[in-house]
Amino acid sequence: MRFLALLCALCPPLFAASQPNFLLVLVDDMGYSDLGCYGSEIETPNMDRLASNGIRFTQFYNTAKCHSSRVSLLSGRWCRQAGDESLKRAVIIPEVLAPAGYFTSMSGKWHLSQEPTDFGFQRYFGHLSGATNYYLGDKTFRLNGEKWSVPEKGFYTTIANVDRAIEFVGEARAAKKPWFHYVAFNAPHAPLQPLEQDYRKYLGRYDAGWDAIRAARVAKQKQIGLLPTSLEESPRPEHVRGWDQLTPERKAWEAKRMAAYAGLIDRIDQEMGRLISDLEKNGELDNTVILFVSDNGACPYDRGRPEPDAQPFDPNTSWSDSTGWAWARNSPFRYYKQNQFEGGISTPAILHWPSGLKQKPGSVIKTPAHLVDVLPTFAELAGVKPPTSFPGREPTPLAGTSLAPIIAGGDLKARPPIHLLFASDRGLRDGDWKLVSFQSEPWELYDMRTDRTELHNVASQHPDIVQRMVKQWHDMAEHVLMTPAKERAPVATEPGDHRHREWTDYDKPLTEGKTRKGKQAAATLPRARKGTKLTVEGPQLILQCTGDDPGLAFSDLNLTTAGPYVLEFKLQSHATGPAELYWTTDPETILPKGKHLDFTVKHDGAWHEHSIRIDEPKPLHALRLDPCGGEGEVRLEGLTLKNAEGTVLVKWP
């Protein structure tokens, strides 16, 4: 904070008399067509109002993934370039604006290293994790750097985030300071847990299915001028089954899942309306730059067991994502979250600023832009220059371009190429050309002037352009992003089938999603938590963890033997972060509620034996084992639950 104070003295704002406030809104896993003003049937009057009085971007890009988009949004740099979640090679927006006198605050999902209060946010409320229960929260909630316990009743994340936003902005107002507030909703990210009234509002509206809904959305996108009438929308892919080919039971289940999505998005709009009303009531709406963006496109990963007979507003229910509805929600594009095709990286972006925006209200901006452009844009509008040095970090040059010329009524004369990378998915947008690879399969080339939906691969017609752009991608990956060598490996020479094992399997029978009770229940494989992929290799359980609150859940143990207990296993970890164990003794208490203990794991790649005593006299109902808190692979062997006398009660696998 002393360093920020020094910068305040050395770098006074260039345009102090007209400094705007900034409200940066990030939603989670929103598809391109999920807002009314982007083609949706979902009721979003407040966002539609911002769009009609502001501008909409048709080619606003993200990184196709939650955490990397947050890095780029806040830092103005490519994720790897900024130092990933550590931000060790970056300075972020609140640290740029605070020296100019701005009050800085945040509410919602962090999903980066440390806490927001370690990176220039003077106020923070929210969860540090990558996903959370909307009603019950998790152990990572913080309030201004201190642990915060989620209330047992009456809590809902989307509402709580705006409650705190209004509170923090009120503090800035009382202090007579310009302010920057960043609200990062966890909606509509899974688990799909809408409020009951929001869910019931949309029940029955999606019985027509995803083919009909997508066709209606594309038609509306053309009718409202968002997309050209000549656009050729992408057809339904082979991995999504036609609605008329589904069984009646699956149609009913999928229609309810989309009603849940709609309820989550409707609630975002309602809470945005409440926040906008607060600004309007206090005379701040006209001089507040509101930017609304998403971290990636709709998510297709159907990771949970179906629960068609459950209610999504029950806090104990955890509905997962739907591949078919992800395809419809990303209309008119192909593919999804994590892919660098337009369906993964192109999402709604609305900018509203009545006192400063010189574009005609309601204008549609076709110029490509990216999350990395937000920091340089905000800095220019505030009249400040981002620092080139910062204590404890080594900031790299900004990757983004200020969008101030667009706001001023003009356009960008030119911009550097937009580098696209997450895991094995990669791409490059340079002018009207886009180079893209699905999970490191052969490069594809598209002319975005005439083929925005990426249907006509012209790589074979333009080998010179492919060669130039491939070299450009690799040069940037190595020298600008500083990516590991394995992420720069050559792509495959032969195409694959463009499929993913976690997309919806329509041949898989629907179940209620609960483990069968009886003798075999305790021996059933544990459930991989969100952010964890579980595979079995002989006696080993292999966890691939993304850092998204990873671990294993053991439900409905149905033990009759009283404790205490001992959990034994061998563990080999190439991951990071703390290790924890949770347990409950009744079906009403939902993990991570219940009891808890920490244990130490050495993430050194060697095998280590663990024996954890669980001092619980009552029979266990459920366990949750989190062997790490960050990304990487963890292997477990000999995972066994014993009673105090050493008798084996359960063994996995």
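The values are calculated or read from the model by the stated rules, or taken from the named source; none is laboratory data. Everything quoted here is computed from the prediction, not taken from an experiment. Methodologically, a virtual Cβ is constructed for each residue, glycine included, from the backbone with ideal geometry; neighbour enumeration extends over all protein chains shown. Please note that ligands, DNA and RNA were not included when accessible areas were found on the heavy atoms of the full protein model with its side chains. Shrake-Rupley method; radii C 1.70, N 1.55, O 1.52, S 1.80 Å.
Just a few scattered comments:
- Accessible-area composition of the chain, carbon plus sulfur, in percent [1.4 Å probe]: 51
- Reachable lysines from residue 147, criterion Cα separation under 22 angstrom, eight or more residues apart if same chain: 109, 139, 593, 595
- Protection proxy ranking, peptides 21-30, 624-633, 555-564, average beta carbon neighbours within 10 Å, highest first: 21-30, 624-633, 555-564
- Trypsin sites (Lys or Arg not before Pro) restricted to segment 285-363 and DSSP loop, no more than 13 other C-beta within 10 Å: 358
- Relative contact order (%) - criterion: Cα under 8 Å, at least six apart; region: the chain: 17
- Reachable aspartates and glutamates from residue 360, criterion Cα separation under 19 angstrom, eight or more residues apart if same chain: 48, 286, 411
- For segment 563-580, Karplus couplings with θ = phi - 60° (6.51, -1.76, 1.60), whole Hz, Gly/Pro x: x, x, 10, 10, 9, 10, 5, 9, 9, 10, 10, 10, 9, 9, x, x, 10, 8
- Value at 222 nm in deg cm²/dmol, rounded to 500, when DSSP H runs of n ≥ 4 in the chain each add -39,500 (n - 2.57): -7000 deg cm²/dmol
- Spin-label model, residue 236 to residue 175: label points 7 Å out along the Cα-to-beta-carbon direction sit 5.4 nm apart.
- Volume per residue of the C-alpha convex hull in segment 520-648, rounded to whole Å³: 98
- When only the Cβ of Lys, Arg, Asp and Glu is charged (+1, +1, -1, -1), the dipole of segment 23-72 relative to its Cα centre reaches about 280 debye.
- Per residue accessible area in Å² of segment 168-236, where ligands, DNA and RNA are left out and the probe is 1.4 Å: 40
- 12 Å reach of a label modelled at residue 595, 7 Å along Cα-to-Cβ, counting backbone N of segment 548-586: 562-566, 582-586
- Difference of contour (0.36 nm per residue) and Cα-Cα distance, residue 249 to residue 432: 61.4 nm
- Compactness of segment 583-630, taken as the C-alpha radius of gyration over 2.2 N^0.38 Å, stands at 1.35.
- Within the chain, the selection of entire DSSP H helices by a Cα span of 20 Å or greater along the long axis and an average Kyte-Doolittle value of at least 0.0 returns 157-174.
- Extension reserve of the residue 633-residue 388 stretch, reckoned as 0.36 nm per residue once the Cα distance is removed: 84.6 nm
- Here r is the Cβ-Cβ distance between residue 423 and residue 576 and R0 is 25 Å; the resulting FRET efficiency, rounded to 0.05, is 0.90.
- Gain in span if fully extended, residue 560 to residue 114, counting 0.36 nm per residue against the direct Cα distance: 156.4 nm
- Residue 159-residue 487 pseudo-label distance in nm [points 7 Å out on the Cα-to-Cβ vector]: 4.0
- Net +/- balance of residues flanking residue 56 in space, Cβ distance below 14 Å, scoring K and R +1, D and E -1: +2
- Student exercise, the chain dipole from Lys, Arg, Asp, Glu Cβ charges, in Debye to nearest 20: 620
- Cα lying deepest toward the dipole's positive end in the chain, options 383, 277, 191, charges on Cβ: 383
- Gyration tensor verdict on segment 206-296 (Cα atoms; rounded if a/c is under 1.5, prolate if a/b is larger than b/c, oblate otherwise): oblate
- Gyration tensor verdict on segment 23-75 (Cα atoms; rounded if a/c is under 1.5, prolate if a/b is larger than b/c, oblate otherwise): prolate
- In this simple spin-label model, placing a label point 7 Å from the Cα along the Cα-to-Cβ direction at both residue 286 and residue 460 gives a separation of 6.0 nm.
- By definition, a body whose alpha carbon gyration tensor gives a ≥ b ≥ c is oblate when a/c is 1.5 or more and a/b is not larger than b/c, and segment 66-178 fits this oblate description.
- Evaluated with a Cβ-only charge set (Lys, Arg +1; Asp, Glu -1), segment 257-316 carries a dipole of roughly 200 debye about its Cα centre, given to the nearest 20.
- Estimated D of the chain in µm² per second, where Rh is the Kirkwood radius over Cα pairs and Stokes-Einstein applies at 25 °C, 0.890 mPa s: 96
- A probe of 1.4 angstrom, applied to the heavy atoms of all protein chains, finds residue 249 with accessible area near 120 square angstrom.
- Dimensions of segment 366-480 based on its C-alpha atoms, expressed as ranges along the principal axes with the largest first, amount to 47, 38, 21 Å.
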